[in-house]
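Take a look at the structure set out below.
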Amino acid sequence: MIPRRSVRALCARLRNEGKRIVFTNGCFDLLHAGHAQYLRRAAALGDVLLVGLNSDASVRRLKGKGRPVQRAADRAYLLASLSCVSYVTIFPEDTPARLIGEVVPHVLVKGGDWKGKEIVGSDVVRAHGGAVKTIRFLPGRSTTSILARAADLRRKGPGASGGRTGTSRSPRAS
């Protein structure tokens, strides 16, 4: 993880080294397969992937009561543990506009749900000759849907998943 105050200098150094900087952002509250695939595809668009992570207060404002499920330090640690993620920084604002202005990435990436919408920071990236890309999400994967399934299972009680809950089997009668 890189402190926010160090982002501008880091990106200047990376540019001087000829590195192509890819930037994306999000809450990444419960890391799942959809996130991993999205981040891997984003990283493939350049040399380094910098992820802007919404702070806890920002996630609360954007997602509502009960969120985030995990605190920012834990979310950042998990993201930084992925081999495709080069750097993670936490930002307190509700949008990454200021951070994108500091990073000035070669490629700005958002999920496919942003296709056809105005992506925050796209004006800055394009003004500096960069590209804005959307990446299709893995269907059926989202933190919101995972939390909804978990809440539904909790309401239904033990064994509601339809699968086995234990690891041992009853011995068969011979």
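Computed values, structure above
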{"read-out": "Extreme residue, nearest to the chain's Cα centre (by Cα), among residues of segment 56-69 that are part of a helix (DSSP H, G or I) and not small (Gly, Ala, Ser)", "value": "Val59"}
{"read-out": "Any pair with Cβ under 9 angstrom, 6 or more apart, that starts in segment 35-55 at a residue that is part of a helix (DSSP H, G or I) and among the hydrophobic types (A, V, I, L, M, F, W, C) and ends at one that is open to solvent by 20 Å² or more (accessible area, probe 1.4 Å) and at pLDDT below 95", "value": "Ala36/Leu138"}
{"read-out": "Options Arg15, Arg126: the member that is within 21 Å of Ile2 (Cα to Cα) and either acidic (Asp, Glu) or not in a strand (DSSP E or B) (or both)", "value": "Arg15"}
{"read-out": "Hits in segment 73-90 - residues which are in a loop (DSSP other than H, G, I, E, B) and either open to solvent by less than 60 Å² (accessible area, probe 1.4 Å) or among the hydrophobic types (A, V, I, L, M, F, W, C) (or both)", "value": "Leu82, Cys84, Val85, Ser86"}
{"read-out": "Residue under evaluation Gln70, criteria (1) open to solvent by 40 Å² or more (accessible area, probe 1.4 Å); (2) of a type in the set (S, T, N, Q); (3) within 20 Å of Thr134 (Cβ to Cβ), criterion not met", "value": "(3)"}
{"read-out": "Meets criteria (in contact with a Lys or Arg (Cβ under 9 Å, 6 or more places away or on another chain) and open to solvent by less than 50 Å² (accessible area, probe 1.4 Å)) for Leu50", "value": "no"}
{"read-out": "Contacts under 7 angstrom Cβ, first residue in segment 59-88 being free of Cβ contacts under 8 Å to residues at least 24 places away in the same chain, partner acidic (Asp, Glu) and open to solvent by 30 Å² or more (accessible area, probe 1.4 Å), 6 or more apart", "value": "Arg71/Asp56; Ala72/Asp56"}
{"read-out": "Residue within segment 106-113 that is modelled with pLDDT under 95, assigned to a loop (DSSP other than H, G, I, E, B) and surrounded by fewer than 17 Cβ atoms within 10 Å (Cβ to Cβ) present", "value": "no"}
{"read-out": "Those residues of segment 14-46 which are touching a helix residue (DSSP H, G or I) at 6+ places or on another chain (Cβ under 8 Å) and surrounded by fewer than 17 Cβ atoms within 10 Å (Cβ to Cβ), in sequence order", "value": "His32"}
{"read-out": "The listed residue being under 17 Å from Arg8 (Cα atoms) and either modelled with pLDDT of 95 or more or touching a Ser or Thr at 6+ places or on another chain (Cβ under 8 Å) (or both), out of Leu45, Leu39, Leu79, Leu53", "value": "Leu53"}
{"read-out": "Pairs, first more than 14 Å from Lys133 (Cβ to Cβ) in segment 4-26, second open to solvent by 40 Å² or more (accessible area, probe 1.4 Å) and not β-branched (Val, Ile, Thr), C-beta under 8 Å, six or more apart", "value": "Leu10/Tyr87; Leu14/Asp47; Lys19/Asp47"}
{"read-out": "Matching entry among Glu102, Glu93 (being modelled with pLDDT of 95 or more and surrounded by fewer than 17 Cβ atoms within 10 Å (Cβ to Cβ))", "value": "Glu93"}
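The values are calculated or read from the model by the stated rules, or taken from the named source; none is laboratory data. All values reported here derive from a predicted model rather than from experimental measurement. For neighbour counting, all protein chains shown are included, and Cβ atoms are generated from backbone atoms with ideal geometry for every residue, glycine included. Quick note on the areas: whole protein, heavy atoms, side chains included, nothing else; ligands and nucleic acids left out. Shrake-Rupley method; radii C 1.70, N 1.55, O 1.52, S 1.80 Å.
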